[in-house]
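Single-structure report; data block below.
Throughout, read-outs are computed from the coordinates displayed, never taken from laboratory work. Because the structure is predicted, anything quoted here is derived from the model rather than measured. So basically every Cβ, Gly included, is an ideal-geometry build from the backbone, and we count neighbours across all protein chains shown.
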Amino acid sequence: MQRAAYSVAVVLTLLFATTAAPQAPTKPASGEQPKTDAFATAIKKIRDTWVREFNARNAKGVAALYTPDAVLMRWDGSVHGYDSILAEFERSANGNAHSYVVHPLHFEHSGDLGYETGAYNVTLRDRVSEGNYLVVVKKISGEWKIVAHATVPNPRTP
């Protein structure tokens, strides 16, 4: 019995030592970006394209970033699917929404799913609206696309 306890103690010590020891980061193959850098680049490209196309009032350019079955959740309700999302961005463009600015706060991914959170402000006809956003992306056929996007405006102050 004492020998079995000793064997378990040795195995646990070795297991702890190998998992607790600092590991050198693995280097990507020559010319390949680390996965986190690749996702950071991809989410920045989506963000920059979204803002550029929105501010140019190009609803089709914005909607192209979404999957065909994506959901867009805004203060006045949710829309589902490409056609509805396109119509929502056309409505925003025709409503004179402009000067959209985002301030990303955090992004992360695991496998083929990722997200970004941040703050935004956009100039509307009669005011500037500020709030927070969450964008969920999925890698489909090698390309990151938005599958869910929620914006939560801050309460209006008098």
**Q.** Cα-centred dipole magnitude for the range 93-158, charges only on beta-carbon of K, R (+1) and D, E (-1), debye, nearest 20
**A.** 200 debye
Q.
Multiplying the sequence separation of Leu113 and Ala87 by 0.36 nm and subtracting their Cα-Cα distance, what value in nm do you get?
A. 6.8 nm
Q: Select from Ser84, Val147, Gly61 the residue farthest towards the positive end of the dipole of the range 34-153; place +1 on Cβ of Lys and Arg, -1 on Cβ of Asp and Glu, and compute about the Cα centre.
A: Gly61
Q) For labels at Asn58 and Trp75 in the simple 7 Å Cα→Cβ model, what's the distance in nm? A) 2.7 nm
(Q) Run through the range 44-75 and list the chymotrypsin sites (Phe, Trp or Tyr not before Pro) located in a DSSP loop whose Cβ has at most 12 other Cβ atoms within 10 Å. (A) Trp75
